[in-house]
Amino acid sequence: MQYINGLHFNNLRGDIYGGLTAAVVALPLAMAMGVASGAGPIAGMYGAIFVGFFAALFGGTPAQVSGPTGPMTVVMAAIFMQYTGMFPDDPGRGAALAFTVVVMGGLFQILFGILRIGKYIELVPHPVVSGFMSGIGVIIILLQIGPLVGEAAISKPLEAVHMIPYYFQHIEYHALELGVVVLLMVYGIPKFLPKLNRLFPAPLFALLVGTLFYILTMEPGITPIIGEIPTGFPEFRLPIIDGELFSMMIVSALTLAGLGTIDSLLTSLVADNITRTQHKSDRELIGQGIGNTVAGLFGGLPGAGATMRTVVNVKAGGRTPISGALHAVVLLAIVLGAGSLASDIPKAVLAGILIKVGTDIIDWDYLKRIKTAPKPGIVIMIVVLVTTVTVDLLLAVGIGMVMASFLFMQRMANLQLESMTLTTESHEELPLNQEEQKLMDEAKGRILLFHIKGPMGFSAAKSMARRHASIQNYDIMLLDLVDVPFMDFTSARAIEDIIMDTKNAGRQVFLVGAGQRVCEMLRKQKILRHLDAGQMYQQRIDALLHASNLLKNSQ
């Protein structure tokens with residue numbers, strides 16, 4: 001077994017360039033997300049270092065670059081504010097509990113990987129993912145409106161919406177000026193100066209220009225800045241558990257783990273598409289879990305696979321875990337040697353960078369297709385988006401999955417009902433040979449052929465029994481299961497109801513063509529006891545001949 005998935009040294013030059021480029025892109029984003037989380041810019045850097053390094057070494061997506069992401073930062077901000085707010089006289093304890101939650105979330109991710117649930121991320125339908133990601137993008141934008149105009153950041157999006165009138169009445173124009181300059185650069189450079197963007201990524205360029213603009217043209221302290229940043233290797237933080245808050249910590253950790261799982265594996269799918277490779281979902285979860293566990297132990301933000309940094313890495317030539325690990329090492333070198341140089345970065349500059357991150361996360365492609373997309377999917381997307389912004393992120397995904405599941409069940413039920421044929425006459429849609437058609441015609445409506453095609457699931461069980469009950473004028477029913485490969489418990493009970501209703505009405509039932517798996521289900525549920533040996537046939541023609549003889553003898 002290869003201990004580092006996808007590791008080889010045949011692409012060393014590309015991996016080095018990819019790692020350096022990814023580090024340049026990650027630097028301003030990590031600091032901005034650290035500030036947005038409430039834990040400080042150094043926490044964002046530590047998160048990028050530890051999650052990036054360990055997820056690269058132990059993960060299952062060779063070209064992926066990991067670190068703090070928009071969705072994870074939004075959740076971490078809520079968690080950090082929640083736990084520090086519980087101990088106003090001892091904020092250090094609240095912060096310790098918050099980072100313990102990060103550790104627990106990482107351990108849950110490792111558990112998810114061991115239990116092999118990574119493959120299930122592919123079952124999340126696109127409208128759910130689209131609504132969720134667009135909701136995250138909206139949250140990031142709303143939370144950065146305050147810092148963009150020189151006000152303190154707010155951790156809850158609805159509160160940020162309510163504060164918008166206040167923000168515009170109390171604009172700090174130096175902050176707004178910086179923010180507008182940064183926004184013009186992060187949006188304009190990739191579009192109008194693509195060559196410059198390739199050499200000098202727009203977020204880093206905007207960070208440097210915006211900071212220099214503040215230092216050279218404005219009075220010190222006239223607008224909020226990051227302030228002093230600790231330098232040196234991070235200190236180990238021993239996790240602490242509060243018995244009274246333990247259940248709350250479990251919920252918070254599961255929220256982080258669930259979101260990190262979705263965020264990382266969606267980025268893994270993106271990496272697969274652009275590198276034409278296949279990631280290992282469960283191994284990726286273990287790698288992300290290890291990274292988040294270590295990050296929590298050293299006061300770093302939780303992270304996940306970062307789409308933009310991964311794409312930049314691949315475009316620059318990165319293909320193996322060397323690039324992801326190198327990006328983390330470069331960031332560590334910056335923290336150890338140049339942390340003090342970042343203390344004068346204005347918060348408005350970081351807000352402008354984050355607003356660009358938020359707009360990039362919004363699924364504009366789906367929104368452009370909203371006129372032609374299926375209406376049920378649009379409803380699911382809107383519900384998930386609104387719930388994400390107004391209530392809770394994981395609840396939004398849960399609601400979306402439930403809605404999508406019910407929609408899928410309804411579609412499957414319709415398909416199953418369309419595949420059912422109840423008839424007392426032969427016609428072209430039935431898979432009958434000439435002799436079988438002749439026997440059906442000779443019966444003159446006294447034989448009901450109930451033909452079912454395809455897997456039988458619970459969603460169509462009630463409708464199946466209802467359709468059978470709607471037909472009354474027959475003497476013998478042939479329950480034809482020749483084309484049924486599988487039957488679940490609920491549909492088996494529906495079959496039992498159909499058999500019993502037919503017998504109670506004084507009619508006879510013949511079971512036809514039940515395969516081994518179907519027979520096993522009917523036998524386990526003791527449904528076959530309602531039928532004699534002479535009422536079960538493998539061939540439809542034999543059942544029809546028997547039914548025909550019974551009808552002739554009864555005349």
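The values are calculated or read from the model by the stated rules, or taken from the named source; none is laboratory data. Treat the numbers as computed from the prediction; the structure is a model and nothing was measured. Cβ coordinates were reconstructed from backbone atoms using ideal geometry, including for glycine residues, and neighbour counts include every protein chain displayed.
Observations, loosely collected:
- Within segment 136-150, residues that are farther than 22 Å from residue 256 by Cβ reach partners that are at pLDDT 90 or above and aromatic (Phe, Trp, Tyr) with beta carbons closer than 7 Å, at six or more positions or on different chains, in the pairs 145/167; 146/167; 149/167.
- Residue in segment 190-202 that is crowded, with 19+ Cβ neighbours inside 10 Å and at pLDDT 90 or above present: no
- Count of segment 206-246 residues, restricted to those that are hydrophobic (A, V, I, L, M, F, W, C), farther than 18 Å from residue 331 by Cβ and part of a helix (DSSP H, G or I), is 8.
- Some residue of segment 61-79 being in a helix (DSSP H, G or I) and touching an Asp or Glu at 6+ places or on another chain (Cβ under 8 Å): yes
- Residue 514 falls short of the stated requirement of being part of a helix (DSSP H, G or I) and in the same structural domain as residue 454 (by TED's automatic domain parsing).
- Residue 399 under 30 Å from residue 79 (Cα atoms) and touching a residue at least 40 places away in the same chain (Cβ under 8 Å): no
- Condition check for residue 239: modelled with pLDDT under 90 and surrounded by 15 or more Cβ atoms within 10 Å (Cβ to Cβ): no
- Residues of segment 357-402 satisfying the condition of being among the polar types (S, T, N, Q) and under 24 Å from residue 29 (Cβ atoms): 359, 388
- Residue list for segment 452-480, filter: closer than 22 Å to residue 551 by Cβ and not in a helix (DSSP H, G or I): 471, 472, 473, 474, 475, 476, 477, 478, 479, 480
- Residue list for segment 391-425, filter: more than 19 Å from residue 470 (Cα to Cα) and assigned to a loop (DSSP other than H, G, I, E, B): 391, 392
- Test for residue 498: is it within 43 Å of the chain's Cα centre (by Cα), in contact (Cβ under 8 Å) with a residue 12 or more places away in the chain and either crowded, with 16+ Cβ neighbours inside 10 Å or part of a helix (DSSP H, G or I) (or both): yes
- Segment 361-375 residues that are not hydrophobic (A, V, I, L, M, F, W, C), paired with ones that are not in a loop (DSSP other than H, G, I, E, B) (beta carbon under 7 Å, 6 or more apart): 363/130; 363/133; 363/134; 366/130; 366/381
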